[in-house]
Amino acid sequence: MPRMLDVSDAVRAEIGDEEADRLLAGENAPGSYDCTSCRTPGDSEQERTSTVLFVGDETAVLAFAHASCLPSQVVQVTEEQLQGAVRSIGGTGGHPPQGEPQRAVPEQAVLGVTSGLVLLDGELHPALVVEPTSPIVRPGTTGAGDDFLPLLIEQGFMPLTELASVPPVLHGWSVLLAVGQLHAVLQPSAAGGQPVAWWQAHQPLQVTDSWRAAANKHQQVLLFAAPVGSIGRQPREDLLRDALDKAAAGGKLVAAALPLAGT
């Protein structure tokens, strides 16, 4: 039965016309699936569904998303991210070098992002606070533990023991702000070329006028990151600052200043 699939020109170019036509005809596409963006169930027989092709250095994985969450697209990711692809979805897709299609969705932790203004050196700075919803383990490893902060420190983020001054700029990373909305946090591509999304909003996030004005003034955004359970969803900026101070004092906070991309 034909599926309500969107296959973009970019995805078609990667997987080939024959595979794309088979997907559209319903031969290889799943009926039900877990959306690779919001992680809730979807049904390609009942609702528009996007084909999303994750391409690593050596492997490609075809996943599916609600069209309302993501457009059909090709997403460049690191090979390590694809090695965490352990959740199978119905149907086949993708085009690994060996010619064997893979049926997995890259397993990526959900990152909670809160925006707020932080007072440092007598000035208000726009900030994003990132906290995963579950522990992050190093790609390729199993077992308990949380490697979220060590992984970010390896990327150049600075461990903080207190919020006393603006952290150093982390070149190569940036915050994408477009039409006054927050779209993504970008990181350098492992293969060079265009940056890739480290975090991407399911839908562009609204920010306050004061936050946007501070971002335009400083042309950078401070990103603070802490392990799961360190910050929580704070309803006010003063409570958010208190949580950041406690996380820093406990050795559970890293930060960097990221250049602003967009307006």
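Derivation of every value follows stated rules applied to the coordinates shown; laboratory data play no part. If you're wondering where the values come from, they're calculated on a predicted model, not measured in any experiment. Note: ideal-geometry Cβ built from the backbone for every residue, glycine included; neighbour counts use all protein chains shown.
Odds and ends about this structure:
- ASP147, ASP238 arranged by Cβ crowding within 10 Å, fewest neighbours leading: ASP238, ASP147
- Additional length obtainable on full extension of the chain from ASP121 to THR40, 0.36 nm per residue less Cα span: 24.9 nm
- Amide proton proximity set for LEU253, modelled H, under 5 Å, gap of 5+: LEU160
- Using θ = phi - 60° and Karplus 6.51 cos²θ - 1.76 cosθ + 1.60, couplings along the range 181-197 (whole Hz; Gly, Pro as x): 10, 8, 10, 6, 10, 9, 10, x, 7, 4, 9, x, x, 5, x, 10, 7
- The orientation-averaged projected area of the convex hull spanned by the Cα atoms of the range 120-263 comes to 9.1 nm².
- Local net charge near ASP43, Cβ-Cβ under 13 Å (Lys/Arg +1, Asp/Glu -1): -1
- A simple spin-label model places the labels of GLU162 and ALA249 1.1 nm from each other, with each point 7 Å out along Cα-to-Cβ.
- For GLN181 and LEU111, a Förster radius of 22 Å and the Cβ-Cβ distance give a FRET efficiency of 0.80, rounded to the nearest 0.05.
- Each residue of the range 239-247 was assigned a 3J(HN,Hα) from its phi angle through the Karplus curve 6.51 cos²θ - 1.76 cosθ + 1.60 (θ = phi - 60°); the sequence is 5, 4, 5, 4, 5, 5, 4, 5, 5 Hz, with glycine and proline shown as x.
- Working from label points 7 Å from Cα in the Cα-to-Cβ sense, the ASP9 to ALA197 distance is 2.1 nm.
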